[in-house]
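Just below is one structure, and these are the notes that go with it.
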Amino acid sequence: MSIAALLFPELALITLGWLIRRIDLLPEAFWEGAEKLVYHVLFPALLFGSIARARLSITEAAPMVLAAYAALSSGILASALGRVVIRPDARQFASAVQCGFRFNSYMTLALGSRIGEAPGLALAALITGFVVPVANIAAVIPLARQGGGSAWQAIVRNPLVLATVAGLAVQAVGLRVPEPLDAVLVRLGQASLALGLLCVGASLRLQSALGDEPALRRSAQRLTVWITACKLLVMPLAALLAARALSLAALPTAIVVMYASVPTAPAAFVLANRMGGDGALVAFLITVSTLASLLALPFWLGLL
């Protein structure tokens, strides 16, 4: 299957979500409710079910998770380095830096399923479960320093973290989810992928949000280039090198490189707004990252 055919269903759903939002087919309240439903119910069900039913030993999973952490670390360090290299506005930097290493979980799981079916989905869920808590902590700290707030409260209440811990606990003790309950989890998970990708498309903002003040505009422009390069160039390269160094098999290598190549997380906008950051700039960065990933994903996956 070609890379274009592999990505088409996910890109089609994102485009459909953007189109539905632009023509006002559904009220704004629908999208707010849909995002909450996916984040608090559907997506945790997918994470828990995928991890709980996966049959992976620690020796199989650890190298792939280690490669994912290597990619994440490179994104965090490269993004943080932007503060010294391009000297952006402090509030803009605190808001935007998270976009250089956070990742779109919906696309990661959807593409994991497309690349490797059930085993690919399980590997993508495992990466998501292990990376999300660390990425969230790294995203919250700059904003907390800039505007106040508790990072740890946000982490321990994160439904994705709770679902991951529960799934790993079930996996560790060797339990199997009862068939009727697992069927419910499967259906909730399927709904999360479709609705989540529609919400990603609905959140895209194609208009520039760089501001009118010349100094702030220049700062935002430099940040946009730097942060997008960190997310879609530095992280995938680090993932590929780590996968090669750890001698990962073909499927784990494809999943970890794909995870590093997807666009930044739409939830970055919510976090920036909630903690007093520059939400408009983050929304613009999410859009740029999503559009740029249309080139980055085929390029990095094509190398494999």
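The values are calculated or read from the model by the stated rules, or taken from the named source; none is laboratory data. This is a predicted model, so every value here is computed, not measured. Here the Cβ positions follow ideal geometry from the backbone for every residue, glycine too, while neighbour counts run over all protein chains shown. These accessible areas exclude ligands, DNA and RNA; they are computed on the full protein's heavy atoms, side chains included. Shrake-Rupley method; radii C 1.70, N 1.55, O 1.52, S 1.80 Å.
Restricting the search to the range 195-241, which residues are open to solvent by less than 40 Å² (accessible area, probe 1.4 Å), modelled with pLDDT under 95 and small (Gly, Ala, Ser)? Within the range 195-241, GLY196, GLY201, ALA202, SER203, ALA209, GLY211, SER219, ALA220 qualify. Just to be sure before I move on: is GLY116 part of a helix (DSSP H, G or I) and buried (at least 21 other Cβ atoms within 10 Å of the Cβ) in the structure I sent? So GLY116 does not fit the description; no.
Condition check ((1) open to solvent by 10 Å² or more (accessible area, probe 1.4 Å); (2) on the phi > 0 side of the Ramachandran plot; (3) in contact with a Phe, Trp or Tyr (Cβ under 7 Å, 6 or more places away or on another chain); (4) at pLDDT 80 or above) across all residues:
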{"residue": "LYS36", "(1), (2), (3), (4)": "yes, no, no, yes"}
{"residue": "PRO44", "(1), (2), (3), (4)": "yes, no, no, yes"}
{"residue": "PHE48", "(1), (2), (3), (4)": "yes, no, no, yes"}
{"residue": "SER57", "(1), (2), (3), (4)": "yes, no, no, no"}
{"residue": "GLU60", "(1), (2), (3), (4)": "yes, no, no, no"}
{"residue": "MET64", "(1), (2), (3), (4)": "no, no, no, yes"}
{"residue": "LEU72", "(1), (2), (3), (4)": "no, no, yes, yes"}
{"residue": "GLY75", "(1), (2), (3), (4)": "no, no, yes, yes"}
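Conditions (1) modelled with pLDDT of 85 or more; (2) open to solvent by 30 Å² or more (accessible area, probe 1.4 Å); (3) outside any helix (DSSP H, G or I); (4) out of contact with any Leu (no Cβ under 9 Å at 6 or more places or on another chain), marked per residue:
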| residue | (1), (2), (3), (4) |
| --- | --- |
| ALA135 | yes, no, no, no |
| ALA144 | no, no, no, yes |
| VAL161 | no, no, no, yes |
| LEU175 | no, yes, yes, yes |
| LEU188 | yes, yes, no, no |
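Within the range 86-113, take every residue that is among the small types (Gly, Ala, Ser) and either within 18 Å of ALA135 (Cβ to Cβ) or at pLDDT 90 or above (or both) and give me the one that is surrounded by the fewest Cβ atoms within 10 Å (Cβ to Cβ). Before you say what the answer is, go through the steps one by one.
So the first thing to find is which residues in the range 86-113 are among the small types (Gly, Ala, Ser), and the list is 90, 94-96, 100, 105, 110, 112-113.
From the residues that got through so far, the ones that are either within 18 Å of ALA135 (Cβ to Cβ) or at pLDDT 90 or above (or both) too are 94-96, 100, 105, 112.
On the way: ALA94: 24, SER95: 30, ALA96: 29, GLY100: 30, SER105: 29, GLY112: 27.
In this case the residue turns out to be ALA94.
Annotation note: Cβ proximity below 9 Å between a residue of the range 64-86 that is farther than 14 Å from LEU237 by Cα and outside any helix (DSSP H, G or I) and a residue that is of a type in the set (A, V, I, L, M, F, W, C) and open to solvent by 50 Å² or more (accessible area, probe 1.4 Å) (sequence gap 6+ or interchain) occurs for ILE86/VAL225; ILE86/TRP226.
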